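Some notes on the structure that comes next.
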Amino acid sequence: MEDVGNLMQGFAVALTWKNLLFMLIGILLGVLIGVLPGLGGANGVAILLPLTFTMPPTSAIIMLSCIYWGALFGGAITSILFNIPGEPWSVATTFDGYPMAQQGRAAEAMTAAFTSSFVGALFAVVMITFLAPLVAKFALRFGPPEFFAVQLLTFCSFVGMGREPPVKTIASMMLGFALAAVGLDTVTGQLRMTFGSTALLQGFDFLIAVIGLFGLGEILLTMEEGLAFKGKGGKINPRIVLQTWKQLPQYWATSVRAILIGCWMGITPGGATPASFMSYGMAKRISKNGSKFGEGQIEGVIAPETAAHAAGTSALLPMLTLGIPGSPTAAVLLGGLLIWGLQPGPLLFVEKKDFVWGLIASMYLGNIAGLLIVLTTVPWWAAILRIPFAIIAPVIVVICAIGAYTVHNNMFDVYMMIVFGVIGYGFKKLKYPLAPLVLALVLGDMAETAFRQSMLLSKGRMGIFWSNPLVGSIVTLALVLLVWPLISRMITALRAKPPAVAVS
Amino acid sequence: MATSGGNARGDIATRWAELVVAALIAGGGLVVVIDSVRVGITWADDGPRAGYFPFFIGCLLMIAGGVIAVETLLKWKKLAGVTFVTTERLKPVLLMLLPTIGYVILIAWLGIYVASLVYVGAFMRWQGKYSWVKTFAVAVGLPIVLFAIFELWFLVPLPKGPVERLLGF
């Protein structure tokens, strides 16, 4: 087994004292980010990215991905103890997690949440280990039409699988593409949409958008809701952990379903948030305790947490193998790789073996370390949440401003962060999804280049997207997903009609 | 602003917010289309011109904005009582947003350390009603910690102003 050998080599890369230290720092920072409102996986990694520019890429990506794992774990703490989802993907965890905390079973709920997060992530990493090299090898044969097709699939699946209204998803996505087009066109050297402004020459950096949309936007929303953190105590002792672990195996079916949903939603970029809701809904429908969901069922914690972590982890598979991130955080990590001069995509697996397998090995280690760390440090994080918002809010804004500035050492970016913050607030309130905007901003140039190259190959005929079975089936699948909301609406309409009509 | 329906005076109705955002999206689409036409949406000898791809994007933006506007108008009556944000809840949002805008302007003028001190201090004092001692401790402590992390540890320079110059940095 070549992959196992590669993985072992990866462990050798990841298991140096220095990298283990970065892993620890990453997890701790990540949990902190996950616990604090206004700082999430995506913008947390975005803010810390400039600090890693001077580090060796392998250590840097290990630390950044550990921040991501930490943030995934951290979201569950606030959901269960405070009924406040620290991250969008832990909203579904509040449904049963908080009632459990109210009944005095907070420790049980948190153990279940952390353990199922770990299980979900572990299976996703195993999948990445064995699937990623295959996908990468396969993708080596991709030409521009195939790459554009995969990107089309990425964006269409947002429309088809998102929880938000499809038109709003499209609007948000196109806004991302439009912003990505601002600045110098690399192919023709022409300036687009700069309107004579020198500040716009460089275009919009998606890191700024991420910090504004998810950071400042979230703070504004939190101010509106006027949050006062009144939570349950968060003590965990080993006895309860062991008791809960004994209980967990009986819910294996729920976990397996959650893992499948999570991996699927992570690879096709539905993302962790819809995965957690889908998994919760599915568990509720199938479980024999379904009617008691929402009153503090442990299954109601296992299902969304497993799926969210599986999705969050498997989102890195398309990022590494195709250069197409499956979630905003994966997009930020991709941005980091580009800054370090590593071009994600199939060639990465051939040219930078050490880096890729070091990263994959660190996913195993990071999740084990993450589980142990969160289980032992929960009370501290709960204490952090008791710091009043009047201190936390301005400090987070200061951190966001520094993050925005350090991306390019540019004040204009800080102004733009505020603009994006206001957009984020408005969009969230009107149910426009933010993830498509960010992904379109990241992938905009790549998608455009792939499209233009395809058009060059075919001399402007769209037929090239059906020129071979591979590209044809991807494009067709993408278009089906695009119109899926219409199809499903039609199916419901047909079912709603009296059966006599349906027979005739 | 509509005051009919269930909205109290001065509250922003969701349907108006929807319309304004839809108009902004469509307007943005129009800007993209106009600029794409300017740089050329047709083919040159060496392939598609710079506006070829963005032109489609602009069109889709205009269509999406239009559809959202029409959908809102179709549901106009049904949305009558839905509030985007009440005046009462808008206040804390503005109390966050406006000082933040001021803060960013201050950064350009005084550098990030002094601006952060003023911003965090003012926020804690006026909104959190903390004692001067506590406010001072956090507001002065934060820039010092930031300075240590960014300038000394990671060697990332942050914007500095007259005060830092006086201190010799």
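The values are calculated or read from the model by the stated rules, or taken from the named source; none is laboratory data. The model shown is predicted, which means the values in this text are computed figures rather than measured ones. Positions of Cβ are backbone-derived with ideal geometry, glycine not excepted, and every protein chain shown enters the neighbour counts.
Quick look at the values:
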item: Output for the stretch A:465-479, where each listed residue is in a helix (DSSP H, G or I) and without any contact (Cβ under 8 Å) to a residue 40 or more places away in the chain; result: A:Trp466, A:Pro469, A:Gly472, A:Ser473, A:Thr476
item: Failed condition for A:Gly40, given (1) surrounded by fewer than 24 Cβ atoms within 10 Å (Cβ to Cβ); (2) under 14 Å from the mean Cα position of the chain (by Cα); result: (1)
item: Residue check, B:Leu61 under 25 Å from A:Phe148 (Cβ atoms) and within 7 Å of another protein chain (Cβ to nearest Cβ); result: yes
item: Matching residues, the stretch B:31-58, being touching a helix residue (DSSP H, G or I) at 6+ places or on another chain (Cβ under 6 Å), more than 9 Å from chain A (Cβ to nearest Cβ) and not in a loop (DSSP other than H, G, I, E, B); result: B:Val33, B:Phe55
item: Candidates B:Tyr119, B:Tyr130, filtered to the one that is more than 27 Å from the chain's Cα centre (by Cα), surrounded by 17 or more Cβ atoms within 10 Å (Cβ to Cβ) and within 9 Å of chain A (Cβ to nearest Cβ); result: B:Tyr130
item: Single residue of B:Ala69, B:Ala137 found to be assigned to a helix (DSSP H, G or I), more than 7 Å from chain A (Cβ to nearest Cβ) and under 24 Å from the mean Cα position of the chain (by Cα); result: B:Ala69
item: Residues within the stretch A:290-339 that are within 18 Å of A:Ile360 (Cα to Cα) and not in a helix (DSSP H, G or I), tallied; result: 6
item: Residues (more than 7 Å from chain A (Cβ to nearest Cβ), under 16 Å from B:Val21 (Cβ atoms) and either within 20 Å of the chain's Cα centre (by Cα) or polar (S, T, N, Q) (or both)) located in the stretch B:72-89; result: B:Thr72, B:Thr83
item: The stretch A:434-474 - residue that is of a type in the set (Phe, Trp, Tyr) and crowded, with 21+ Cβ neighbours inside 10 Å and, of those, farthest from the other protein chains (Cβ to nearest Cβ); result: A:Phe465
item: Condition check for B:Glu164: within 30 Å of A:Pro436 (Cα to Cα) and among the acidic types (Asp, Glu); result: no
item: Among residues of the stretch A:317-345, those that are modelled with pLDDT of 85 or more and of a type outside the set (A, V, I, L, M), counted; result: 2
item: Candidates A:Phe53, A:Phe73 - the one that is in contact with a helix residue (DSSP H, G or I) (Cβ under 8 Å, 6 or more places away or on another chain) and crowded, with 24+ Cβ neighbours inside 10 Å; result: A:Phe73
item: Helices (runs of 4 or more DSSP H) contained in the stretch A:121-217 and holding at least 3 residues at pLDDT 85 or above and within 13 Å of chain B (Cβ to nearest Cβ); result: A:144-161, A:166-181
item: Residues of the stretch A:1-44 that turn out to be more than 30 Å from A:Leu216 (Cα to Cα) and not aliphatic (A, V, I, L, M), as a count; result: 11
item: Criterion (modelled with pLDDT under 85 and assigned to a helix (DSSP H, G or I)) met by exactly one of A:Phe420, A:Phe349, A:Phe427, A:Phe412; result: A:Phe349
item: Residue in the stretch A:374-383 that is of a type in the set (Ser, Thr, Tyr) and closer than 30 Å to A:Lys168 by Cα present; result: no
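One line per residue, one yes/no per condition, for (1) of a type outside the set (A, V, I, L, M, F, W, C); (2) surrounded by 24 or more Cβ atoms within 10 Å (Cβ to Cβ):
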site: A:Ile80; (1), (2): no, yes
site: A:Ser90; (1), (2): yes, yes
site: A:Thr93; (1), (2): yes, yes
site: A:Gln103; (1), (2): yes, no
site: A:Met110; (1), (2): no, yes
site: A:Phe114; (1), (2): no, yes
site: A:Ala121; (1), (2): no, yes
site: A:Ala124; (1), (2): no, yes
site: A:Met127; (1), (2): no, no
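Results for (1) crowded, with 20+ Cβ neighbours inside 10 Å; (2) in contact (Cβ under 8 Å) with a residue 24 or more places away in the chain, shown as yes or no for each residue.
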| position | (1), (2) |
| --- | --- |
| B:Ala44 | no, no |
| B:Ala69 | no, yes |
| B:Thr83 | no, yes |
| B:Arg89 | no, no |
| B:Met96 | yes, no |
